[in-house]
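These notes concern the structure reproduced below.
Laboratory data are not the source of any read-out in this text; all were calculated from the coordinates shown. The model shown is predicted, which means the values in this text are computed figures rather than measured ones. Don't worry about glycine lacking a Cβ; one is built from the backbone with ideal geometry, like all the others, and counts go over all protein chains shown.
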Amino acid sequence: MALRASVFQHLNIGPEVTPGTLVSATKRLLDTRFSLNPNVPTQPFRPVGVKFNTDLTLEKEWSTGTFEGVLGFNDIVYILASALVVPSAPSGGGTAKTWTFIPSGWDPDVIQTYSMDYGSSARAERCGFGVFSGVEINLARNGLTVRGDVFARTMSETATMASTTNVASLVASPKLVTISVGDTVGGLTMLQNCISANIHFRNRVGPAFFLRADQDSYSDIVEIAPDYMAQIQVEHNSVAAGYMADLRNSAQKFCRYLITGPLVQTGINASIQITFPFKFQTPTRGDVDNIFASTFSLMPNYESGTGNGLEIVVINNIAAL
């Protein structure tokens, strides 16, 4: 029997129709790598008068892990559908498809759950009700990356991985990134000297455990007020000085990250466009790659004019999850 080599370990996902009801996990994301581990907290017990613990109690059980990779135009829709909100069916009559993600500020969001197989042809584990519970997108000239957290129900041992369909790799390049800021969405101006930018939304959902003998893991998931923040680094020049005035005035602003990619249809390029209203906060200054720079935290906020706090539009050639 061949040893279970680490080099072959990977995660396959399958979009669930009913959350928690297992489906075949046949999709493999080529631009993203995963780790997944059983999470089995226990409570040891030591009686009075004894030095050593005499027993332990099994408590909750589920699976937790992380993901990281290069920012890819195809992989990202699988991540955002779970980390943000299930989008409506992608639009577009040709090979180019447009996915729009707009999480609600007031009502619960429906998110995509996945069945997950983790392992290789030698041996694998399986779990359901899997979610991407948070995501961070980082943009810099030395690379565009994505990372975050996943969790799922209890891992079952000795699963056999289903036949895999690779989600085509379509990697974004830092050469084709534009960061824009303005007073309105229609009045955005490209930043000439932006060094880096990022955005994260973490802890979107958590597991809900109940006293149920028929369920060995969590029974459902529950939304949480997310940790949602963005950041830009810019040369500290007259533009950055203007941002300090905006911060002091608590001015409402808008920001857009636009990442453009290769053609996915004649005349249409792959792209990721992230737009959000924000207010400046928490400035710091110092050296960044030999440039005296300001780093601004951007507090995304609900804005009544647009009716939301975030919009992400992805164009790729994925027709369905």
Projecting the Cα atoms of Thr42, Ile195, Asn249 onto the charge dipole of the chain, where Lys and Arg contribute +1 and Asp and Glu -1 at Cβ, the residue farthest towards the positive end is Ile195
At R0 = 41 Å the Cβ-Cβ FRET efficiency linking Val48 and Phe209, nearest 0.05, sits at 0.85
Given unit charges at Cβ for Lys, Arg (+) and Asp, Glu (-), the dipole magnitude of the chain about its Cα centre in debye, nearest 20, is 460
Taking placed amide H atoms and a strict 5 Å upper bound, the residues 5 or more places from Gly143 or on another chain that come that close are none
One finds the C-alpha centres of the range 15-32 and the range 129-194 to be spaced, in Å, by 18
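Under a Cβ-only charge scheme (Lys and Arg +1, Asp and Glu -1), can you give me the dipole magnitude of the range 1-139 about the Cα centre, in debye to the nearest 20? Don't skip to the end; give the middle numbers.
Details: 10 positive and 12 negative charges, 89 e Å.
Here the size comes out at about 420 debye.
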The residues Cys127, Cys255, sorted from fewest to most surrounding Cβ atoms within 10 Å, come out as Cys255, Cys127
Rounded to one decimal in nm, the spacing of the 7 Å Cα→Cβ label points at Ile268 and Thr18 is 3.5
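Determine the sum of side-chain charges near Leu258: Lys and Arg each +1, Asp and Glu each -1, restricted to other residues whose C-beta is under 15 angstrom from that of Leu258. All intermediate terms of the calculation are to be shown ahead of the outcome.
Working: positive: Lys175, Arg256; negative: Glu311.
Overall, the nearby charge balance is +1.
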With +1 at each Lys and Arg Cβ and -1 at each Asp and Glu Cβ, the charge dipole magnitude of the range 125-205 around its Cα centre, to the nearest 20 debye, comes out at 80
Residues whose modelled amide H sits under 5 Å from the amide H of Tyr302, counting only those 5 or more places away in sequence or on another chain, are none
Charge dipole of the chain built from unit charges on the beta carbon (Lys, Arg +1; Asp, Glu -1), centred at mean Cα; most positive-end Cα among Gly105, Ile79, Ser294 is Ser294
Per its Cα gyration tensor (rounded if a/c is under 1.5, else prolate when a/b beats b/c, else oblate), the chain is best filed as prolate
Between the Cα axis of helix 238-248 and the main Cα principal axis of the chain, the angle (0 to 90°, nearest 10) is 60
Once phi for every residue in the range 158-164 is put through the Karplus expression 6.51 cos²θ - 1.76 cosθ + 1.60 (θ = phi - 60°), the whole-Hz ³J(HN,Hα) values, with Gly and Pro written as x, are 6, 7, 10, 5, 6, 4, 9
Hits in the range 80-123: amide N under 19 Å from the 7 Å Cα→Cβ extension of Thr164, namely 114-123
